[in-house]
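Engineer: Sharing a structure here in structure tokens format.
The values are calculated or read from the model by the stated rules, or taken from the named source; none is laboratory data. Computed from a predicted model, the values in this text were never measured in an experiment. Note that we place each Cβ from the backbone using ideal geometry, even for glycine, and neighbour counts take in every protein chain shown. For accessibility, only protein heavy atoms count, side chains too; no ligands or nucleic acids. Shrake-Rupley method; radii C 1.70, N 1.55, O 1.52, S 1.80 Å.
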Amino acid sequence: MVATNAAAGIYDAALTRRQALMGKSGPAALIKNFRVFSIAMFACIGGYNQGVFSGVLTMPAFQSHMGDYDTNNPADQSRKGWLTSILELGAGTNYIGGTGAGQSEAAWLVPICLQLFPAIILFTGILFMPYSPRWLIHHDREAQALTVLSTLRGLPPDHELVELEFLEIKAQSIFEKRTIAENWPKLTELTAWNTAKLQFVAIGSLFTTKAMFRRVIVATVTMFFQQWTGINAILYYAPTIFASLGLSSNTVSLLATGVVGIVMFLATIPSVLYIDKLGRKPILTIGAIGMATCHMIIAIIVARDQDSWTKHSAAGWGAVAMVWLFVIHFGYSWGPCAWIIVAEIWPLSNRPYGIALGASSNWMNNFIVGQVTPDMITGITYGTYLIFGLLTFGGAAFIHFFVPETKRLTLEEMDVIFGSEGTAAKDFERMEAINREIGLVQLLGGVAGEGKGEANENASEAENGKEGVVTEMEKV
């Protein structure tokens, strides 16, 4: 266990040193690291479209061009599903040119044309974006990687922060290459074919042992239940759903849709603050029970009053309130926590492929939900909410009975839980050897190298370590 403790100590020491050099997190840190922050903001342009196509499918002007897809005809509903897959609905540009039958063409033309501006900015800016330092190091272009890091930080190449980040990235790159060399020696050469083949071979290896397959089940089934809570049915088809709950005014329906996005954003805040105190399982279980209960209440209301909304408008608003409460439950629980579970159950050597597998399950089920929801709403009405509710109760049971609590567990403890003792320790031993080899341990003054976290290493050893790092950097 000494090697394992040593490797864990390296991460703690590196994080502490980086925080000391960069400053604390917060607005001041964004200003201090403005170049990194600006690149992150530039990357966010790619997500701009997700909030612009607000209620496009509900706009009369858009419907007049695309034909009638809001009937009970399965073919029309299928077309609506495909359109929704293309135009992700949000809230914000619904009222351009009115909302009624005489709605201006600008109502749907403006939000679509607005996409041209961020697209042009993104296309032009990407031509001037530097290569990722990780990609450069992984392809043996270390001098360029060092230059990019130096430019991003606005610091000289021999600055301690630049050296620290460079060596951390290099250590991870070497670790990945040696893991591949040990497990799949024929795929070590970085050719396009080998890279593509590696993805399939590496993901396939997750199914070869019982311990890894248990992780696969946790990751993929968790993401299955996340999507079948019905969250994206709500987000994609909120205008249609609210209209089916008796909100006859298009304006009122679209306003109700806007509330969904706001409450979901606000609901994520408590999860960020308390996830490590309360644990993953309690939050996911309580959230699932809350969402399922909301679905069942909506089903009861719709079953009772769907043919008489005009006489029971209060019931319609009660169902809308349940939709909002459902979104709140999702925002603090399955929204963030499901991704945390998927990310932290894997050993270092399998993590990229395990997360990719979980993400693929998420998006495949996302697509299926998007396709079947219109037919479910028109065909089985309140049965839609019963199905989502029962599946969400199933998600609560799955988390409670089959998913281990991962709060504050080390990777070795994960191995014990999943029955793969020694995997994480072996990974840590390999990483520790790499950290010593490239001089990262010496740069940190040997703090992590002893596995005990002593912060009072003598000055001469630290100075010798610094010289070792300088030698390493000179090779670059």
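Engineer: Within the stretch 298-359, what whole-number % of the accessible surface is contributed by carbon and sulfur, with the 1.4 Å probe and all protein chains included in the calculation?
Structural biologist: The nonpolar share, carbon plus sulfur, comes to 67 percent.
Engineer: Starting from the 7 Å offset along Cα-to-Cβ, what nm value, one decimal, do you get for the label separation of LEU390 and TRP193?
Structural biologist: 5.0
Engineer: Each residue of the stretch 293-299 in turn: what ³J(HN,Hα) in whole Hz from Karplus with 6.51, -1.76, 1.60 and θ = phi - 60°, glycine and Pro shown as x?
Structural biologist: Once rounded to whole Hz, the list reads 4, 4, 4, 5, 5, 4, 4.
Engineer: Additional query: Keeping every protein chain present and rolling a 1.4 Å probe, give me the accessible area per residue for the stretch 282-332 in Å².
Structural biologist: 43
Engineer: Right, something else. Just to verify a number: FRET efficiency for SER38 and TYR274, C-beta to C-beta distance, R0 = 25 Å, to 0.05?
Structural biologist: Once the sixth-power term is evaluated, E becomes 0.20.
Engineer: R0 = 30 Å: FRET efficiency of VAL201 with VAL110, Cβ-based, nearest 0.05?
Structural biologist: So the FRET efficiency works out to roughly 0.05.
Engineer: Can you compute 3J(HN,Hα) from phi for each residue in the stretch 230-240, using the Karplus curve 6.51 cos²θ - 1.76 cosθ + 1.60 with θ = phi - 60°, rounded to whole Hz and x for Gly and Pro?
Structural biologist: x, 4, 7, 4, 5, 5, 6, 10, 3, x, 5
Engineer: Given points 7 Å out from each Cα along the Cα-Cβ axis, report the GLU405 to PHE123 separation in nanometres with one decimal.
Structural biologist: Computed distance between label sites GLU405 and PHE123 equals 5.3 nm.
Engineer: Okay, moving on. At a Förster distance of 60 Å, what's the computed FRET efficiency of GLN144 paired with THR310, Cβ-Cβ distance as r, to 0.05?
Structural biologist: 0.30
Engineer: Output wanted: per-residue J couplings in Hz (rounded whole) for the stretch 369-381, from phi through Karplus 6.51 cos²θ - 1.76 cosθ + 1.60, θ = phi - 60°, x for Gly and Pro.
Structural biologist: 4, x, 7, 8, 4, x, 5, 5, 5, 7, x, 10, 6
Engineer: A follow-up question, please. What does the C-alpha gyration tensor say about the overall shape of the stretch 152-240? Classify as rounded when a/c is under 1.5, otherwise prolate if a/b is larger than b/c, or oblate.
Structural biologist: It comes out oblate by the Cα gyration axes.
Engineer: ARG178 to ILE380: extension gain in nm, 0.36 nm per residue of separation minus the Cα-Cα distance?
Structural biologist: Answer, rounded to one decimal: 67.3 nm.
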